[in-house]
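Here's the structure, in C-alpha cells; my notes come after.
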C-alpha cells in the first residue's frame, strides 16, 4: 500500500461548509484517529475518502487499494448470508471459510443464522466490522467503530485495526473517545468547523 493523500478537499451541504480545505497524508502502517466535536466534519471526511460522497473541490489519492468501510448503516440484514454475499461480491477466495473465521473471531459464530434486527447493538457493530474487513482491505475506514462495544468487543475491533496496520495498510477512524484513540492510533487528525486544527503522530500503539 502506498500513501493516502487528501489534497485541499471541500464539501458543502447547501450553505454549510462541512469540509473546508482539508489536507493530510498517511503512509503505510498508519492508523489515523479523526477527532473533533459534533459537526466538525469527521464523518463527512470518511465518507469522502470512501467515495460515498462526491467532493466539491480538491482531490483524494488512494490508488487501486482495496477499501473496507464501516459507516453508520450496517448494510446487513442476515448475519451469515449477508457476510457471504459481501465476500463473494469482493471476490474473496475461500469466502465460506473466511466468513466463518470472522464470525468466530467476533464471537458471533452461534448467531450466524440470526437476522440483524435480533442482535444487540454491540453484536451488530461487530458484524459490521466483519463486513468492513471481509476483503482484507489495504485502507480501512471506520466511523465510530468503538461505540456500543463492551471490552471484549473493543478487543476484536482493535485486533482488526492491528492486522491491517501490520500488513502495511492504512486505517482511518473517527471517535469521541480520546483514550481509546490514544490506545490504537499512530496519528491524530483534529477537525473543527470543517478545517484541520492539528495533525501529528502519537506515541501509543495498540
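The values are calculated or read from the model by the stated rules, or taken from the named source; none is laboratory data. What you see is a predicted model; the values in this text were computed from it and never measured. When we count neighbours, we look across all protein chains shown, and the Cβ atoms used for this are built from the backbone with ideal geometry, even at glycine.
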Test: residue 184 is buried (at least 23 other Cβ atoms within 10 Å of the Cβ) and more than 22 Å from residue 7 (Cβ to Cβ): yes
Check residue 157 against each of (1) touching a strand residue (DSSP E or B) at 6+ places or on another chain (Cβ under 9 Å); (2) farther than 29 Å from residue 36 by Cβ; (3) in a helix (DSSP H, G or I) and name the one condition it does not meet. (2)
Would you be able to say whether some residue in the range 123-144 is modelled with pLDDT under 85 and outside any helix (DSSP H, G or I)? no
